[in-house]
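The values are calculated or read from the model by the stated rules, or taken from the named source; none is laboratory data. What you see is a predicted model; the values in this text were computed from it and never measured. Positions of Cβ are backbone-derived with ideal geometry, glycine not excepted, and every protein chain shown enters the neighbour counts.
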């Protein structure tokens, strides 16, 4: 039997085969979505640029060459140079590493914290639910960027502090979503069966309820990444994120804004990079929602 026949067999003979079939069928559905594949290609290009930065550039974007400062895009400098003669192309490529760094750190903080708060609140109920949800409401009450600005002002400027501030202000929607799903699951028949069989509440939470909330959290996280990137760029633009000479895209826009009328490429090119990567995450998230969210499967979305 070929691998494709095994993956498409109407009668799986093991749980491993059933899980593999689910993943493969999901991939086939995802692959048929043109916009989702476009988003995936954009993100893969971002990852490739970050990994191959030492190979596809001749420097790290920090070398100054005042003799070639403010050069327009040309054969010699594909995307031009900045006010210190640094290659904008090199800074864009090396800046992709900081974008992925921001996305990765925010992801590993936001989703686990949001899921834990949400499933504990939804399953425990009572005063635990009230306390955790009122705390969540406090974070939801303020615009994310405004609250991040306040936290960075307290913590001090810097890329790590900006990432921490963004993560602290971004977990609340995940908690709300996880709580809603937990409330619909905690009285389900399979939960009652597990309890009657002697299963612990911790097992129910982490082995059954949390995995069922995971797909929605992944979709939300992917769609939120564009907002995370824009928030980081906004903090960098205001001088509260990555500090010079770090080639972070928001900080590059801040510097380029001073020359926007004559040297448009200094602000326009990093701005275009932010827009394209944000679009990629949105398209990818929309495609994942069609595959992972059972409410949209088979509806044509």
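Kindly check whether there is at least one residue in the range 201-213 that is touching a helix residue (DSSP H, G or I) at 6+ places or on another chain (Cβ under 6 Å) and surrounded by fewer than 18 Cβ atoms within 10 Å (Cβ to Cβ).
Scanning the range 201-213 turns up no residue that is touching a helix residue (DSSP H, G or I) at 6+ places or on another chain (Cβ under 6 Å) and surrounded by fewer than 18 Cβ atoms within 10 Å (Cβ to Cβ).
Of the numbered conditions (1) over 19 Å from residue 238 (Cβ atoms); (2) within 20 Å of the chain's Cα centre (by Cα); (3) surrounded by 15 or more Cβ atoms within 10 Å (Cβ to Cβ), residue 104 fails exactly one; give the number of that condition.
(3)
With touching a helix residue (DSSP H, G or I) at 6+ places or on another chain (Cβ under 8 Å), surrounded by 14 or more Cβ atoms within 10 Å (Cβ to Cβ) and free of Cβ contacts under 8 Å to residues at least 12 places away in the same chain as the only criterion, which of 17, 21 stands out?
17
Would you check if there is a residue in the range 43-64 being within 18 Å of residue 288 (Cα to Cα) and in contact with a helix residue (DSSP H, G or I) (Cβ under 6 Å, 6 or more places away or on another chain)?
Yes; the residues of the range 43-64 include at least one that is within 18 Å of residue 288 (Cα to Cα) and in contact with a helix residue (DSSP H, G or I) (Cβ under 6 Å, 6 or more places away or on another chain).
Considering only residues that are part of a helix (DSSP H, G or I) and surrounded by fewer than 22 Cβ atoms within 10 Å (Cβ to Cβ), which ones fall in the range 76-91? Write out each step before concluding.
Let us first name the residues in the range 76-91 that are part of a helix (DSSP H, G or I), namely 88-91.
89 - this is the single residue of the range 76-91 that is part of a helix (DSSP H, G or I) and surrounded by fewer than 22 Cβ atoms within 10 Å (Cβ to Cβ).
Surrounded by 15 or more Cβ atoms within 10 Å (Cβ to Cβ) and on the phi < 0 side of the Ramachandran plot, is that true of residue 40? Break it down stepwise before answering.
Details: surrounded by 15 or more Cβ atoms within 10 Å (Cβ to Cβ): yes; on the phi < 0 side of the Ramachandran plot: yes.
Here the answer is yes, as residue 40 does meet what is asked.
Which of the residues that make up the range 265-291 are at pLDDT below 90 and surrounded by fewer than 19 Cβ atoms within 10 Å (Cβ to Cβ)?
286
Please determine whether any residue of the range 28-44 is outside any helix (DSSP H, G or I) and farther than 24 Å from residue 286 by Cα.
no
Check the range 58-69 and report whether any residue there is under 22 Å from residue 232 (Cβ atoms) and surrounded by fewer than 19 Cβ atoms within 10 Å (Cβ to Cβ).
yes
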